[in-house]
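Novice: The structure's right below; bear with me while I get my questions together.
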Amino acid sequence: MFITFEGIDGSGKSTQAKALVAALEAAGKPCIWTREPGGSTGAEAIRKLLVEGDPDRWSAETELLLFNAARRDHLEKTIEPALARGAVVVCDRYVDSTRVYQGVARADLREVVDLIHKTMIKREADLTFIIDIDPETSLTRGLARKSGEDRFEDMGLDFQKRLRAGFLDLAAQYPDRCHVIDGAQNVQAVERAIWAAYQGALS
Ligand code: TYD
């Protein structure tokens, strides 16, 4: 099973992706944690180009191609081999981030995003958790962290609001795969909601 975590910057999805991996390991399920952009040596090198530096460093179109180059390498080197040996793959961000960041919030490129995905990547997640949170809360969390990887956080509150709306629209487009989880709850409550949805997806 290929499980992805999505949400705006600072939504808590990274913590939750790691918590799910820990719960799967405790249940004796072979699994890996991975992330985008990144997740393989080549894709991590592309990640540095994407997340560091000036917000205007790349156009949305160039960004889209870089994300897909990284994704293709990640898929070939990490995701497909893990799925082939029967592991559950838990990935922090995947194509839904591209659909929303490059497809809707940064630019109106949704059709191009889907076209590139269909021809060059092909694989969709089996199960997607969208951690939903108010952008004002998430931005405070994200910027408080100041990781040096703040290029997207630096695009501002309106941008984060467009992202949130984009993720909620996406959940409505893919109701079978996407579960919207209220990220304003405490961490344990979010974990329980995710575990319950995972169990539901298995049965
Ligand atoms: P990430 O490291 O997950 O950031 P965070 O921990 O703040 O959520 O992702 C880096 C940034 O890249 C993030 O702001 C979202 C953006 N991004 C896109 O714009 N398109 C994509 O396809 C992906 C995977 C990420």
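Novice: Looking at (1) at pLDDT 75 or above; (2) assigned to a helix (DSSP H, G or I), can you tell me which one Thr128 breaks?
Specialist: Going through (1) at pLDDT 75 or above; (2) assigned to a helix (DSSP H, G or I) one by one, Thr128 breaks only (2).
Novice: May I pose another question? Tally the residues that are touching a residue at least 60 places away in the same chain (Cβ under 8 Å) and part of a helix (DSSP H, G or I), restricting the search to region 104-125.
Specialist: 2
Novice: Any idea how many residues of region 1-54 are within 21 Å of Gly183 (Cα to Cα) and among the aliphatic types (A, V, I, L, M)?
Specialist: Result for region 1-54: 9.
Novice: Out of region 48-77, which residues are part of a helix (DSSP H, G or I), closer than 18 Å to Ser14 by Cβ and open to solvent by 30 Å² or more (accessible area, probe 1.4 Å)?
Specialist: Answer for region 48-77, where residues must be part of a helix (DSSP H, G or I), closer than 18 Å to Ser14 by Cβ and open to solvent by 30 Å² or more (accessible area, probe 1.4 Å): just Lys48.
Novice: Among the residues of region 102-119, how many are open to solvent by 10 Å² or more (accessible area, probe 1.4 Å) and under 17 Å from the mean Cα position of the chain (by Cα)? Give the steps one after another, and end with the answer.
Specialist: Within region 102-119, the first condition is being open to solvent by 10 Å² or more (accessible area, probe 1.4 Å), and the residues that meet it are 104, 106-112, 114-116, 118-119.
From what's left, under 17 Å from the mean Cα position of the chain (by Cα): 104, 106, 110, 114.
Result for region 102-119: 4.
Novice: Could I ask something else about it? Six or more apart or on different chains, Cβ atoms under 6 Å: show the pairs whose first residue is in region 83-103 and within 28 Å of Lys29 (Cβ to Cβ) and outside any helix (DSSP H, G or I) and whose second is open to solvent by 10 Å² or more (accessible area, probe 1.4 Å) and of a type in the set (Lys, Arg).
Specialist: Val88/Lys29; Asp92/Arg35
Novice: Can you confirm whether Gly7 is crowded, with 23+ Cβ neighbours inside 10 Å, closer than 17 Å to Gln160 by Cα and either modelled with pLDDT of 95 or more or more than 10 Å from the ligand (Cβ to nearest atom) (or both)?
Specialist: Yes; evaluated as a whole, the condition is true for this residue.
Novice: What are the residues in region 1-37 that are in a strand (DSSP E or B) and not aromatic (Phe, Trp, Tyr), if any?
Specialist: Ile3, Thr4, Glu6, Gly7, Cys31, Ile32, Thr34, Arg35
Novice: Further question: Any residue in region 26-45 that is within 13 Å of the ligand (Cβ to nearest atom), over 15 Å from Thr4 (Cβ atoms) and open to solvent by 10 Å² or more (accessible area, probe 1.4 Å)?
Specialist: Yes, because at least one residue in region 26-45 is within 13 Å of the ligand (Cβ to nearest atom), over 15 Å from Thr4 (Cβ atoms) and open to solvent by 10 Å² or more (accessible area, probe 1.4 Å).
Novice: A further question on this structure: Does Ala171 satisfy being small (Gly, Ala, Ser) and touching a residue at least 40 places away in the same chain (Cβ under 8 Å)?
Specialist: Working: small (Gly, Ala, Ser): yes; touching a residue at least 40 places away in the same chain (Cβ under 8 Å): yes.
For Ala171, the condition - small (Gly, Ala, Ser) and touching a residue at least 40 places away in the same chain (Cβ under 8 Å) - is met.
Novice: Got a sec? Which of Lys146, Lys161, Lys122 is under 17 Å from the mean Cα position of the chain (by Cα), at pLDDT below 95 and either more than 13 Å from the ligand (Cβ to nearest atom) or among the basic types (Lys, Arg) (or both)? Give the derivation first.
Specialist: Numbers: Lys146 fails: under 17 Å from the mean Cα position of the chain (by Cα); Lys122 fails: at pLDDT below 95.
Within the list Lys146, Lys161, Lys122, the selection yields Lys161.
The values are calculated or read from the model by the stated rules, or taken from the named source; none is laboratory data. Since this is a predicted model, take the numbers as computed values, not measurements. Quick reminder, even Gly has a Cβ in these numbers, built from the backbone with ideal geometry, and neighbours come from all protein chains shown. Ligands, DNA and RNA are excluded from the accessible area calculation, which covers all protein heavy atoms including side chains. Shrake-Rupley method; radii C 1.70, N 1.55, O 1.52, S 1.80 Å.
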